[in-house]
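*Asks:* Mind looking over this structure? Questions follow.
What follows draws every value from the coordinates through simple rules; no lab data is involved. All values derive from a computational prediction rather than experimental measurement. For neighbour counting, all protein chains shown are included, and Cβ atoms are generated from backbone atoms with ideal geometry for every residue, glycine included.
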Amino acid sequence: MTDEDGMTDEDKGPELIDAREVARRLGVDRNTVYRLAEAGDLPAIRVGRLLRFAWPAALEALADRRAYCARPQRLTTDIPGR
């Protein structure tokens, strides 16, 4: 389906939202969104001084991060130096 500009949804690309909207949708503080972006856990696009987030990519990245964190980690009882 095309809009008045003759562009389809595929032509427009992903929905870009700001950190406040990401925080609202995820139910977290806006500073958490910035920390995740700074750590590389939440993909962001810099537009001048502002960060914008592609909503589908943000959801996918956080789902991958959650899956990684939920995986059982191998704990060792080795004590260095012994």
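*Asks:* Using each residue's phi in the range 44-49, evaluate 6.51 cos²θ - 1.76 cosθ + 1.60 at θ = phi - 60° and report the 3J(HN,Hα) Karplus result to the nearest Hz, with x for Gly and Pro.
*Replies:* 9, 10, 8, 10, x, 8
*Asks:* What is the magnitude of the charge dipole of the range 13-68 about its Cα centre, with +1 placed on the Cβ of each Lys and Arg, -1 on the Cβ of each Asp and Glu, and no other charges, expressed in debye to the nearest 20? Numbers along the way, then the final one.
*Replies:* Numbers: 10 positive and 8 negative charges, 37 e Å.
Taking the Cα centre of the range 13-68 as origin, the dipole is about 180 debye.
*Asks:* Give me a comma-separated list of calculated 3J(HN,Hα) values for the range 25-32, in order, Karplus coefficients 6.51, -1.76, 1.60 applied at θ = phi - 60°, integers in Hz, x for any Gly or Pro.
*Replies:* 5, 8, x, 10, 6, 4, 5, 5
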